[in-house]
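Take a look at the structure below.
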Amino acid sequence: MAKLTVKDFDVTSKRVLVRVDFNVPLDDELNITDDKRIAAALPTIKYLLNAGAKVILCSHLGRPKGAFDPKYSLAPVARRLAELLPETNVIFAEDVIGADAKAKAAALKDGEVLLLENVRFHKEETDNDENFARELASMAELYVSDAFGTVHRAHASTEGVAKFLPAAAGFLIEKELNFLMGALEEPARPFVAIMGGAKVGDKIGVIKNLLEKCDTLLIGGGMAYTFFKAQGLNIGDSLLDKDNIDLAAELLTYAKEKGVKLLLPVDTVVARAFDKDAEHMTVPSNAIPDGWQGLDIGEKTRELFRAEILPAATVIWNGPMGVFEFPAFAKGTEAVARACADCPGVTIIGGGDSASAVKECGLDDDMSHISTGGGASLELLEGKVLPGIAALNDK
Ligand code: AMP
């Protein structure tokens, strides 16, 4: 069901509480090393400011233990936000629901921004405590959720607060849902899904759900070896998800029943050790020698996968094709990133490692959508209901 978006609200002169994801990386001197998450929230913030709203932002940063910790203060983020919004008065509250936040929220003028301190300085946030959510809500008249990276968590600022205020999606969440749900509900075909990463066990739900929807499923990365094992092949010292060998076999059978073309790597780059400088060579996937481990897809597989990706009308990719952190074993992941970039169809990159790989290759602008939430996008692809989305009002 479609959810209300920020455009459905009359926000002029209203206090609007916006849950954003300002969980940015900081160095030891508390300098922000990457502000893309702040930039990602700007469209919603600017829209609200232009419409004359009083904008109250809240976010978490890191994992403080439910109490104030200067290491996790959002103060550096407030400074950066002020630089990004040079025309706007950006005010910082020293607490979340305390006297400072409440006084500053009450005094806020149209077109001003108030950033509250880290919501996770209260353990009630992750407990989804109702009173805490009520207190947060009491500072505003409307709630907008724009923190896609945390919508799979039922926390007070992502879910609880929506019980007390009219609640809508911001532009970032709207975009994520349009792409991810659009691909799942009405994909343009052929629809090619690409799965990689370490463990099949972590992604069984996603693979099962995608097998219901896609035409072709390409599997690479560490998870491929569990499928090889399920086919009775020797995998040497490659990564094996022992508990899920039977399940991998079931997924192979299920793909056949569903008529989905499931492709595993035909060749593999094997190494003597899990090391960036390890001796390595390429072998057919059915000839992995003992004492070697598969760390990337081979060249034939890169070509095979590219040939499947290029004519696709919809592509969803989650998880690297190999140990892309080591340059010698990053070629498979880079090749898939390049194929997605060259594909004229809709290309959707799940958050996390595949998103980082695409960015490292400088191909971000060539994708239709790069998700801002690794965990959240996986849960959506798995077909799960995300609490922070379910809590928003329906259209
Ligand atoms: P995931 O979090 O499941 O998406 O897994 C990502 C991790 O899988 C990355 O850190 C990769 O280095 C790792 N990975 C990918 N392919 C392999 C492989 N063949 N062997 C070991 N680890 C791998």
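Each reported figure results from applying straightforward, stated rules to the coordinates on display, with no laboratory input. What you see is a predicted model; the values in this text were computed from it and never measured. Glycine gets a Cβ as well: all are built from the backbone with ideal geometry, and neighbour counts include every protein chain shown.
Placing a label point 7 Å from the Cα of residue 67 along the Cα-to-Cβ direction, the residues of segment 106-126 whose backbone N falls under 13 Å of that point are 121-123. The Cα center of segment 110-154 and the Cα center of segment 195-221 differ in position by 34 Å.
Return the FRET efficiency for the residue pair residue 31, residue 360: r is the Cβ-Cβ distance, R0 is 25 Å, and the value is rounded to the nearest 0.05.
Here the calculated transfer efficiency is 0.70.
With all pairs of separate Cα atoms included, segment 166-323 yields a Kirkwood hydrodynamic radius of 16.4 Å. For the chain, modelled as a GNM whose springs connect Cα atoms under 10 angstrom apart, the maximal fluctuation among 125, 87, 379 occurs at 87. In the elastic network of the chain, a GNM with C-alpha springs shorter than 10 Å, the most mobile of 214, 343, 361 is 361.
For segment 214-306, the Cβ-based charge dipole about the Cα centre amounts to some 300 debye (Lys, Arg positive; Asp, Glu negative; other atoms uncharged). Gain on full extension, evaluated as 0.36 nm per residue between residue 261 and residue 107 minus their Cα-Cα distance, stands at 49.4 nm. Placing one equal scatterer on every Cα of the chain and applying the Debye formula, the log10 ratio I(q)/I(0) at q = 0.09 Å⁻¹ is -0.59. Taking each DSSP H run with n ≥ 4 as -39500 (n - 2.57) and averaging over every residue of the chain yields -10000 deg cm²/dmol at 222 nm. On a per residue basis, the convex hull of the C-alpha atoms belonging to segment 50-110 measures out at 89 Å³.
Cut-off 10 angstrom, C-alpha nodes, Gaussian network model of the chain. Which of 29, 176, 308 fluctuates the most? Between 29, 176, 308, it is 29 that shows the largest mean-square fluctuation.
For segment 102-177, the alpha carbon positions stretch 34, 28, 21 Å along the principal axes, listed from largest to smallest.
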